[in-house]
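For reference, the structure is listed below as structure tokens.
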Amino acid sequence: MILIRTALIIGILTSILYADNPMASLELIDTDYGSGALTLTEMLTYKAITLTAPESLPARYRLDRPMKDGTQIVMEIKNNWILSDPEFRRDFSFLLTRVDKQAYFDSPSGFFRIHYDTTGGHAVYQPGTDVDPHDGVPDYVNRTAEYFDLAWHIECDSLGYDTPPFDGARGGGQDLYDVYMHRFSGAYGVTFPELSSNQRPGRNNDYCSYIYVDPTYSGFGYNDRTLPMKVTSAHEFFHASQFAYNVNAGAWYMENCATWMEDILWDDINDNYAYLGYFLNNPNKAISFTNGGFEYGAFLWPMFLYESWGHDFIRISWEYTINYPALTALERTCEDNATFLEEQYTVYSLWNYLTNVRSDGNHYEEGSNYIPAWTMRTHTSYPVENLSSTRRADALGCNYIMFRNNGQEGNLQITFDGLDNQIWYVQVIKAVSNSSHVYDFIDLNFRNEGEYAVEDFGQYEWVALAADLIQGSLGDYDYSAYILQTGIGSESAELPQEPILRGNYPNPFNPETMISVYSPSEQKAQLTVYDIMGRKSVERSIDLSAGENNIPLRIDGSDDGRDSGGVYFYRISWGGYEFNGKMLYLK
């Protein structure tokens, strides 16, 4: 155990520097590994200890609650096994080996074999209680078998997910799925991918597996020990089903969906609420982010897809993971439903802001019970001048900014300027009250510049921006807001005397968008569209009228003869003026 002691000494030293860190987690282990402070073996050691003996971790690396699931730790150890030091493989080989138990019980359905102890450090809860039924098996084992039978019936028989591949006679019994009631004090449960399966030809990454669940759930905060067993059976068995599709589909989506599945089977328990803070307090992180907490709180992603599109959407996305990673599988599923992933993300980010006191009953069914999403800044006085993000967003991440009305009269003028090499979509939420909202967006030009007037700001309790980064990394921007008194500006101003390009909407789009321009007079204009390689894909003449003009553009083969997603550039020229814009066609 020399390796473990060395790793613990390193952790003790670093914990002195980070004693005030509010979220000691797997993210910090990964951060230290990425910076070179930990070797690969030290990183794996800490993660193994997180699973098996979290109380012995340095303060820096301790979780503030049990992990929802230890599956990803086991998979990471398995994938890096040959690269780790011999001492690590010696000390932690038990993590990849099935345990032996004193007894077993086959579930009523005949699908599961439940392995358990009645004495010793892994004895089941109330091992001497045998009344319901009186069959020589502890009642807690009977209940565990029933919950796993229900998970199989709902997830596979009713919802149509694939059953786990058979493991032959491993664990005893022929083709029974093995569940071991064995304590890993750092996690509710673990699903262990064991061996590649050839049960379904054409699948390259489907694995048979087995499950560990805690035998007592002592210290998990429940007086009724059946409750954590219920949600864990739903969660871990869905991992077993996921492994039937692709064991490497993506840790983030595996955990999103397994935690969501708890709510589908056991709607009233809401153990997953305990992890919402990891997600809703970090909306700037990408949907694919993982840190040992975020991915569980982000069960809202499949919840949003389910409440918007139904169960089949999630199931079909898992069918696509047979050949694609999770993000691509979701893109394909969106295409099947005449939408695209980025569009769904923008709607999702809107839903996430309308939780808790901001819930209006039109979004998440249980949204009023969720914690409120983190707001980057809340403004109550104006002007607000040239502020930037305090937490830069990842692609498919966002910031929320709120402008409260404290009796100000007039229009609220908001400007937004995102980095030029990124693609932003900025939504405007206007709250007539906390439970009644009006929605709009800021029309951004090709340089991600735009402005928006909230007319009669006094009629709203607050106005919020949801600044979604669609494409790019570490998204940053500047924004300003000021009060424009009513009567100054729009009604008395003269019409512009020069042409104006207002941009295109929607952007991103699929396959249609509208380019908006203002012309002071009737004109003949020329529209040219280029793809990212500089190839001309559209060229046509446009008749502009005096005033506002909306030019329809469709990129699906009818205009450009091709059907290729990606970034496009357009140029409109008339009356001696030339304007350029950028747009994203999401296929």
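Here are some notes:
- Per-residue ³J(HN,Hα) for region 450-461, Karplus 6.51 cos²θ - 1.76 cosθ + 1.60, θ = phi - 60°, Hz, x for Gly and Pro: x, 9, 9, 9, 8, 6, 6, 3, x, 7, 10, 6
- TRP301, TRP266 arranged by Cβ crowding within 10 Å, fewest neighbours leading: TRP266, TRP301
- Area projected by the alpha carbon convex hull of region 98-248, averaged over all directions, nm²: 8.9 nm²
- 0 to 90° range, to nearest 10: angle between helix 341-353 axis and the chain longest Cα axis: 80 degrees
- Rounded tilt (10° steps) of 311-320 against the dominant C-alpha axis of the chain: 80 degrees
- Cα centroid of region 505-553 to Cα centroid of region 252-306, whole Å: 41 Å
- Rounded to the nearest 10 degrees, the angle from helix 2-17 to the longest Cα principal axis of the chain is 40 degrees.
- In plain terms, if you count all Cα to Cα distances in region 355-435 and split them into 10 Å steps from zero, the share in each step is 13, 42, 35, 10 percent.
- By DSSP, the beta bridges lying fully in region 98-248 are antiparallel in about 60 percent of cases.
- Across the alpha-carbon atoms of region 500-585, the computed radius of gyration and Dmax are 12.2, 35 angstrom.
- The charge dipole of region 143-289, taken about its Cα centre with unit charges on the Cβ of Lys, Arg, Asp and Glu (plus for the first two, minus for the last two), comes to roughly 400 debye.
- By the helix-only formula, in which each DSSP H run with n ≥ 4 contributes -39500 (n - 2.57) and the sum is divided by residues, the chain has a 222 nm mean residue ellipticity of -8000 deg cm²/dmol.
- Histogram of C-alpha separations across region 38-95, 5 Å bin width, %: 4, 19, 32, 25, 15, 5, 0
- Look at VAL99, VAL454 and count the other Cβ atoms within 10 Å of each Cβ; fewest to most, that gives VAL99, VAL454.
- Tensor-based shape of the chain (alpha-carbon gyration tensor, a/c under 1.5 rounded, otherwise prolate or oblate): prolate
- Computed Rg/Rh of region 250-371, alpha carbon atoms with Kirkwood Rh: 0.93
- Take every Cα pair under 8 Å whose residues are at least 6 apart in sequence, average their separation, divide by the length of the chain, and the relative contact order is 8 percent.
- Alpha-carbon centroids, region 172-198 and region 440-488: separation in whole Å: 51 Å
- Here the peptides 310-316, 518-524, 221-227 are ranked by packing, the mean other Cβ count within 10 Å, and the order with the highest first is 310-316, 518-524, 221-227.
- In the structure shown, the pairs LYS285/LYS430; LYS230/LYS430; LYS430/LYS536; LYS68/LYS582; LYS68/LYS430 are assessed against 32 Å; a Cα-Cα span above that value is assigned to LYS230/LYS430; LYS430/LYS536; LYS68/LYS582; LYS68/LYS430.
- Residue order, fewest to most surrounding Cβ atoms within 10 angstrom, among TYR212, TYR207, TYR273: TYR273, TYR207, TYR212
Read the figures in this text as sums done on the coordinates, not as results from a lab. Quick caveat: nothing in here was measured; it's all calculated off a predicted structure. Cβ atoms come from the backbone with ideal geometry, glycine included; neighbour counts cover every protein chain shown.
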